[in-house]
Amino acid sequence: MFSWQQKVHWLASTTLLVSLSLTGFISVPHAAQNTTDRATSAPLLPSGNFGSCTPLPQGWSCGNGKGLPGTSTAIVGGVAETVLHAQGVGNSTNYQFATTQKGEFPWSPCQAPAMGVLPAGLTSVNTTFTLNSFTPSGAYRYHVYLALYYWLPNGPATAHGLTYRCLDTQVRVENVNGIFSPVGTVATHDPGDSFGWDQVTIGSISTGGSYTLTANVQQQCQNDLVAWGLPKNTPCELAGAQVGIEGFQFTELSVRWPTYTFIASSILTFQGFDWDGSGEETLTMNNHLLASLPTVDSAQNRQTYTTFTINITSFVASGISTLVFTHGNWDCSVDDNVRNLQVRDSRNIILFSDPMVRILNCITSIAYTFSPIQATFDVSAIPVASRPANYTAAASGGTVPYKFSWSFDDGSFATGAFVSHSFAASGYDNVTLMLSDGNGAVATVQELVLVWN
């Protein structure tokens with residue numbers, strides 16, 4: 001298909017519910033005397049979270065295969081499905097494939113990560129999948145995999161007579177002629193554009209079963225480097241993520257991918273008062289213990305707030321996160337309030353913010369449920385020099401109301417979800433959208449738009 005636009009960069013009784021995207025309070029009676037003060041900015045998810053078919057680098061993309069009849073990649077209801085027909089086709093040097101992907105890849109060609117596509121500070125990536133069907137034939141081989149691709153920012157590396165600036169890594173399940181490879185099996189390969197390294201992390205699968213592939217972002221890079229004899233401390237940047245199936249000779253392989261998860265490091269800051277007992281307050285993020293606080297006492301009973309800063313390693317950057325504060329069963333006479341809570345990514349960009357005062361005590365916990373703010377935009381028609389083109393922004397996550405700010409690389413600026421702009425001359429031009437929400441969270445996306453004569 002002809003593409004006119006090149007995307008480049010980018011606990012419990014009465015529960016008090018405070019919706020950050022709506023105005024008002026809703027009280028729902030429960031059985032006991034405990035309460036939970038909730039702050040939420042998370043939309044309901046469909047059955048899967050892959051969204052819909054989207055061109056690269058924003059992704060997730062569809063239609064990735066070698067064009068074999070019956071081979072396809074589709075996303076329906078947020079669930080990706082890859083189907084591969086390879087009867088009598090391919091061999092150990094000619095794999096067939098069906099994938100969906102997001103980001104930049106060695107064949108695109110090898111280049112730095114696109115701005116605003118993958119979350120900053122990613123520590124791990126995982127995806128769930130179900131084997132729909134498999135029909136064997138001939139001397140076959142197949143892989144069901146999660147792949148991470150890296151860019152080497154310090155320049156190309158040379159190993160074993162090869163010079164590349166990208167890494168190609170997989171975690172996978174692997175079947176060769178009906179025999180599954182054992183967990184821990186590793187191998188290097190040369191895909192012709194990057195240093196390839198794979199490891200088997202699931203020992204076997206069966207039709208109808210559900211499984212999870214997990215890749216540690218730092219370890220995948222380091223393991224690839226070491227396998228090729230390159231320095232383990234060589235800097236690398238995650239540029240792309242891909243899920244899919246590959247192989248040869250079998251009749252059909254069909255796999256569904258309901259969800260993926262990006263886990264990122266982030267920083268939590270908030271203010272509290274009467275935080276004065278060791279381990280009196282407990283914080284969890286997505287059911288992972290963050291801290292038992294305080295480590296230093298705050299002033300008691302005087303409305304004097306102390307600022308706390310905590311590193312988070314379990315933040316879900318691809319969907320909904322839940323942060324919960326609970327209080328011990330002592331020192332119950334004074335509310336240990338929390339206010340001005342923020343979550344920032346590794347670049348210090350605000351992902352979530354709630355300035356409200358929330359009550360924490362022996363019978364009231366606090367629950368924040370939110371998803372990171374995200375921005376996208378579309379161009380209504382092919383941009384032509386000296387003719388206006390319409391740009392429409394979309395936002396998700398965060399807290400309404402949203403504010404949209406645009407910048408064009410001819411020096412022009414605009415505001416609003418819908419704007420019109422014309423470039424004086426043909427060529428490639430950067431269009432940048434900055435989205436901010438009602439509590440100060442920010443997301444930026446940039447695309448390189450082709451303007452025609």
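Key figures
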{"item": "Conditions (1) assigned to a strand (DSSP E or B); (2) of a type outside the set (Phe, Trp, Tyr); (3) surrounded by fewer than 17 Cβ atoms within 10 Å (Cβ to Cβ); (4) within 21 Å of the chain's Cα centre (by Cα): number failed by residue 440", "result": "(1)"}
{"item": "Qualifying residue in the stretch 230-248 (condition: at positive phi and open to solvent by 40 Å² or more (accessible area, probe 1.4 Å))", "result": "no"}
{"item": "Any hit, the stretch 228-241, residues being under 16 Å from residue 97 (Cα atoms) and not in a loop (DSSP other than H, G, I, E, B)", "result": "yes"}
{"item": "Residue match in the stretch 346-356 (condition: assigned to a strand (DSSP E or B), of a type in the set (Asp, Glu), open to solvent by less than 30 Å² (accessible area, probe 1.4 Å) and closer than 26 Å to residue 269 by Cβ)", "result": "yes"}
{"item": "Residues of the stretch 143-162 classified as in a strand (DSSP E or B) and crowded, with 21+ Cβ neighbours inside 10 Å, total", "result": "9"}
{"item": "Residue 318 being out of contact with any His (no Cβ under 8 Å at 6 or more places or on another chain), open to solvent by less than 70 Å² (accessible area, probe 1.4 Å) and hydroxyl-bearing (Ser, Thr, Tyr)", "result": "yes"}
{"item": "Count of the stretch 125-138 residues which are open to solvent by 10 Å² or more (accessible area, probe 1.4 Å), of a type in the set (Ser, Thr, Tyr) and at pLDDT 95 or above", "result": "4"}
{"item": "Tally of residues being open to solvent by 30 Å² or more (accessible area, probe 1.4 Å), more than 26 Å from residue 319 (Cβ to Cβ) and not in a strand (DSSP E or B) across the stretch 357-409", "result": "10"}
{"item": "Matching residues in the stretch 78-112 - criterion: being open to solvent by 20 Å² or more (accessible area, probe 1.4 Å) and either on the phi > 0 side of the Ramachandran plot or in contact with a helix residue (DSSP H, G or I) (Cβ under 6 Å, 6 or more places away or on another chain) (or both)", "result": "88"}
{"item": "For residue 33: the one exception among (1) surrounded by 17 or more Cβ atoms within 10 Å (Cβ to Cβ); (2) modelled with pLDDT under 90", "result": "(1)"}
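Every residue, every condition in (1) open to solvent by less than 40 Å² (accessible area, probe 1.4 Å); (2) under 30 Å from residue 157 (Cβ atoms), yes or no:
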| site | (1), (2) |
| --- | --- |
| 218 | no, yes |
| 255 | yes, no |
| 287 | no, no |
| 290 | yes, no |
| 293 | yes, no |
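The values are calculated or read from the model by the stated rules, or taken from the named source; none is laboratory data. Since we're looking at a predicted model, the values are computed, not measured. Neighbour counts are summed over all protein chains in view; Cβ atoms, including those assigned to glycine, are modelled from backbone coordinates with ideal geometry. Keep in mind that these areas ignore ligands, DNA and RNA; they rest on the heavy atoms of the full protein, side chains included. Shrake-Rupley method; radii C 1.70, N 1.55, O 1.52, S 1.80 Å.
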